[in-house]
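All remarks here apply to the structure that follows.
The values are calculated or read from the model by the stated rules, or taken from the named source; none is laboratory data. Here the structure is a predicted model, which means the values were calculated and not measured. Cβ placement follows ideal geometry from the backbone for every residue including glycine, while neighbour counts extend to all protein chains displayed.
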Amino acid sequence: MSVWNDMTRTISDMDTVALAVTDGMLHFELSLAYEVFAAAPAGVTVPWYDVTVCGPVAVPVGRFTLAPDAGLDRLQHADTVIVPGWADVDEDPPAALVDAVRAAHEAGARVVSLCTGVFVLAAAGLLDGKRATTHWAHTEALAARYPRVEVDPDVLYVDNGSVLTSAGKAAALDLCLHLVRLDHGSSIANAVARRLVVPPHRAGGQAQFVTTPVPAQDDHPLAALLPWIIERLDQPLTVEDLARQARMSSRHLARHFRAATGTTPLQWLLTQRIRHAQELLEKTDDSVDAVAAATGMGTATTLRRHFNRTVGVPPDTYRRTFRSRPR
């Protein structure tokens with residue numbers, strides 16, 4: 001989960017969002033992006049995003065026709081530009097769209113592709129020498145057409161700071177929630193997730209394929225274990241502790257975790273600790289030592305190391321940034 005190098009644009013009021021649309025766009029990714037950014041969830045009083053749909057007049061989107069709010073030239077004035085999925089990846093995306101997205105990035109916009117929208121970013125040269133992902137069915141085509149792009153077919157999304165890419169459908173929603181989390185913090189991102197009735201966080205490094213995307217069934221081997229872990233984040237849990245609670249071997253536990261979450265038990269546990277630390281830093285005046293203890297990190301030094309590596313900034317900087325905003 002990387003962030004911008006310029007801290008003023010890293011976790012700041014990224015308040016204008018432009019959705020770049022043109023003939024050939026997929027309506028699902030466009031709709032979910034609009035759903036996330038166009039309206040704040042109930043009870044959230046922070047200044048929300050100003051969303052503009054940018055494109056030519058009367059854009060066919062699937063079986064619908066969309067009348068944009070502005071032309072593609074408006075992309076240059078947005079803080080965040082989102083390029084939804086592109087239907088025909090065998091054809092080059094429209095030159096006008098590619099040029100507008102490139103110009104927006106040069107003007108300082110954070111540029112985001114959802115699913116196959118990555119082909120537009122690649123055509124604009126924004127991914128040269130960078131990691132990127134897309135829907136697993138199109139990763140080989142992306143790598144073949146744009147060999148300077150480091151294509152990662154196994155992750156949900158990739159955050160390069162000013163350029164972000166996602167895999168398909170649900171992963172596009174994960175990336176949108178990730179953006180809200182960067183801009184407004186974990187608490188508000190979780191509120192958006194609750195409104196949409198989706199899990200509040202899936203890390204970008206998780207695998208695109210999991211045999212059980214959400215272990216919600218009562219009879220799932222992890223159904224009781226995951227809430228048990230969340231209630232004990234302040235404790236020094238080990239894989240053996242988790243396996244004992246789940247009444248299975250460590251090997252079987254690891255297999256179930258990989259199938260259900262796409263990651264290992266310890267990595268999943270670390271992610272929950274970091275998320276809890278973010279919420280405490282946003283909502284309380286607890287010292288970093290106290291936050292470290294409450295999240296099972298032990299010491300402030302350990303928390304700072306993991307937090308900085310995962311979030312991209314130290315805990316103190318993260319707190320100052322969010323506390324400096326009007327609530």
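Quick notes on this one:
- Selection status of Gly129, surrounded by fewer than 18 Cβ atoms within 10 Å (Cβ to Cβ), under 20 Å from Leu19 (Cα atoms), of a type in the set (Gly, Ala, Ser) and assigned by TED's automatic domain parsing to the domain that holds Ala78: no
- Selected residue [under 26 Å from Ala78 (Cα atoms), surrounded by fewer than 21 Cβ atoms within 10 Å (Cβ to Cβ), assigned by TED's automatic domain parsing to the domain that holds Leu19 and not acidic (Asp, Glu)] from Pro153, Pro94: Pro94
- Listed by position, the strands (runs of 3 or more DSSP E) contained in the stretch 61-121 that have at least 1 residues being aromatic (Phe, Trp, Tyr) are 64-66.
- Pick from the stretch 171-208, criterion at pLDDT below 85, outside any loop (DSSP other than H, G, I, E, B) and basic (Lys, Arg), ranking: surrounded by the fewest Cβ atoms within 10 Å (Cβ to Cβ): Arg194
- Exclusive hit being over 30 Å from Arg320 (Cβ atoms) and touching a residue at least 60 places away in the same chain (Cβ under 8 Å), set Pro84, Pro153: Pro84
- Just one of the numbered conditions (1) at pLDDT 90 or above; (2) under 28 Å from the mean Cα position of the chain (by Cα); (3) within 22 Å of His276 (Cα to Cα) is not true of Asp241: (2).
- Hey, Gly168 closer than 20 Å to Val21 by Cα, over 17 Å from the mean Cα position of the chain (by Cα) and not in a strand (DSSP E or B) or not: no
- Candidates Pro315, Pro236, Pro265, filtered to the one that is at pLDDT 85 or above, on the phi < 0 side of the Ramachandran plot, surrounded by fewer than 19 Cβ atoms within 10 Å (Cβ to Cβ) and not assigned by TED's automatic domain parsing to the domain that holds Pro47: Pro236
- Within the stretch 2-39, the set of residues being within 20 Å of Val192 (Cβ to Cβ), out of contact with any Asp or Glu (no Cβ under 6 Å at 6 or more places or on another chain) and modelled with pLDDT under 80 comprises Val3, Thr10, Ile11, Ser12, Asp13.
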